[in-house]
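Down below is the structure, laid out as structure tokens.
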Amino acid sequence: MTTQKLDEAALLKNASERNEFLNLHEVVAKARQNLNQNEWDYIVGGVETETTLRRNRMALDCVAFRPRVLRDVSKVDVSTELLGRKLRLPIVLCPVGSLESFHPEGAAPVVKAAGEFGVGHMLSSVCDPGLEGVAEAAPDALRMFQLYVRGDAAWVDDYVARAIASKYSVFCLTVDTAHYSRRERDIAKRHITGGRRRAAGREFQAALDWRTVERIKSKFKIPLAIKGIATAEDAKICLDHGVDFVYVSNHGGRQLDHGRGSTDVLPEVAEAVAGRAKIIIDGGFYRGSDIVKAMALGANLVGLGRMQCYALAAAGQAGIVRMLELLEDEVIRSMGLLGATSYGKLDSSLLHAVAPTNQASVFSAFPHLEIAPYRY
């Protein structure tokens, strides 16, 4: 049974039904039950050997905590301020294409959940119901828009103007997709995803360079994010061009194979940025402890991609809200046990490099998936 076949009543559970999920394992298991193999592989798969995908998780699993004690952690504040707004967690539900594969309304329930709970949302330009439709679905949510370039300068500028008109808070260019990768799970099955169907004009993405960044910054007054930064060198060029958000990402291990895990990249980017821009990171983040590690290493906002998809497929808008509630509980407990009462108390002195204890995979954050009642 696919989520596309489920009606809205089955997907949107009320608040009491959210308690069906007592931990994040159950969210993942429910998503697996609801999705067919093609939809499932779209979430969990990566490029070619899936080495980058596994390294995202390995980079997090190779960071241990050095907790401090007797610090009075009776009150732990896990909220953050961004763009003049208070977020309940330092999270953005990051851009994922073709969310309509997991819910008939695509990104609409995701942005509604972001607004309901109090986190950010970044819309992919290859996701229904599109820029204006998502703005109408949750006008008061903290909304950001991410663009794949499929046209000339006028085409890009039109998207920026539309994002501003629809009151998006950030405009984002993705820059790590100059060539479309070999998603071999899909190739082996001859399965073509919605994102590939919308690939016309890809030559414009391949020709993208820093001149587009210069033009956007000179013509438009909207904070600009550059998504796909993987080195300190490119982070510094972002600063030279006035970029407001440096977005560390390897596309969830779905573009360049044999790349570094995002968490391995973060320290050098944080050092290069040195507080002159905000840092967003995604890539393998599933648990509250992952979010705490990213914040201790210098991130300002953590992106959730696959975890967002699991929750959407499991229970629609209500599933995403419940997933965020569970993450919030994990973040509070992790910070309290570390001896930190706010993100300002986190730094690398609370971290230590170690060898991983588990084999890295998209499921290494969920070691209990085989246990009832959420076995899949």
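The values are calculated or read from the model by the stated rules, or taken from the named source; none is laboratory data. The shown structure was predicted, so the numbers you read here are calculated from the model rather than taken from an experiment. Quick reminder, even Gly has a Cβ in these numbers, built from the backbone with ideal geometry, and neighbours come from all protein chains shown. Quick note on the areas: whole protein, heavy atoms, side chains included, nothing else; ligands and nucleic acids left out. Shrake-Rupley method; radii C 1.70, N 1.55, O 1.52, S 1.80 Å.
Which ranges mark the helices (runs of 4 or more DSSP H) fully within segment 87-197 that have 1 or more residues being of a type in the set (Ser, Thr, Tyr)?
Passing ranges, in order: 153-165.
You will find that of 322, 333, the residue that is among the basic types (Lys, Arg) and crowded, with 21+ Cβ neighbours inside 10 Å is 322 and no other.
If you filter segment 208-242 down to residues that are hydrophobic (A, V, I, L, M, F, W, C) and not in a helix (DSSP H, G or I), you find that the one that is farthest from residue 263 (Cα to Cα) is 220. For segment 266-291, a residue qualifies if it is touching a residue at least 60 places away in the same chain (Cβ under 8 Å), more than 15 Å from the chain's Cα centre (by Cα) and part of a helix (DSSP H, G or I), and the qualifying residues are 267, 289. Here 303, 288, 284, 259 are screened, and the one residue that is open to solvent by less than 20 Å² (accessible area, probe 1.4 Å) and in contact with a Phe, Trp or Tyr (Cβ under 9 Å, 6 or more places away or on another chain) is 303.
Can we say residue 134 is open to solvent by less than 50 Å² (accessible area, probe 1.4 Å) and over 23 Å from residue 277 (Cβ atoms)? Considered against the rule, which asks whether it is open to solvent by less than 50 Å² (accessible area, probe 1.4 Å) and over 23 Å from residue 277 (Cβ atoms), residue 134 comes out as yes.
Comparison of 359, 317 shows that the only residue that is modelled with pLDDT of 95 or more, of a type outside the set (Val, Ile, Thr) and either open to solvent by 10 Å² or more (accessible area, probe 1.4 Å) or touching a strand residue (DSSP E or B) at 6+ places or on another chain (Cβ under 9 Å) (or both) is 317.
Does any residue of segment 47-61 turn out to be open to solvent by less than 70 Å² (accessible area, probe 1.4 Å), under 30 Å from residue 137 (Cα atoms) and either at pLDDT below 95 or not in a loop (DSSP other than H, G, I, E, B) (or both)? Looking for residues that are open to solvent by less than 70 Å² (accessible area, probe 1.4 Å), under 30 Å from residue 137 (Cα atoms) and either at pLDDT below 95 or not in a loop (DSSP other than H, G, I, E, B) (or both), one finds none in segment 47-61, hence no.
Residues in segment 147-182 that are of a type in the set (Val, Ile, Thr), out of contact with any Asp or Glu (no Cβ under 8 Å at 6 or more places or on another chain), modelled with pLDDT of 95 or more and surrounded by 16 or more Cβ atoms within 10 Å (Cβ to Cβ): 149, 156, 160, 174, 175.
With a requirement of 2 or more residues that are at pLDDT 50 or above and surrounded by 13 or more Cβ atoms within 10 Å (Cβ to Cβ), the helices (runs of 4 or more DSSP H) lying completely within segment 1-44 that satisfy it span 24-34, 37-44. Determine whether residue 217 is open to solvent by 40 Å² or more (accessible area, probe 1.4 Å), touching a strand residue (DSSP E or B) at 6+ places or on another chain (Cβ under 7 Å) and either of a type outside the set (Asp, Glu) or under 19 Å from residue 247 (Cβ atoms) (or both). Criteria met by residue 217.
Among the conditions (1) within 28 Å of residue 230 (Cα to Cα); (2) part of a loop (DSSP other than H, G, I, E, B), the only one that residue 340 does not satisfy is (1). Tell me which residues, restricted to segment 238-255, are buried (at least 17 other Cβ atoms within 10 Å of the Cβ), within 16 Å of residue 266 (Cα to Cα) and more than 13 Å from the chain's Cα centre (by Cα). Of everything in segment 238-255, those that are buried (at least 17 other Cβ atoms within 10 Å of the Cβ), within 16 Å of residue 266 (Cα to Cα) and more than 13 Å from the chain's Cα centre (by Cα) turn out to be 238, 245, 246. List pairs: first residue in segment 351-362 and farther than 12 Å from residue 63 by Cβ, second residue assigned to a loop (DSSP other than H, G, I, E, B) anywhere in the structure, Cβ distance under 7 angstrom, at least six positions apart or on different chains. These pairs meet every condition: 358/364; 358/367. Please determine, by comparing only the residues of segment 226-277 that are in contact with a Gly (Cβ under 9 Å, 6 or more places away or on another chain) and hydroxyl-bearing (Ser, Thr, Tyr), which one is farthest from residue 60 (Cα to Cα). Per the criteria, the residue is 247. Only a single item in (1) assigned to a loop (DSSP other than H, G, I, E, B); (2) within 27 Å of residue 175 (Cα to Cα) is not met by residue 78, and it is number (2).
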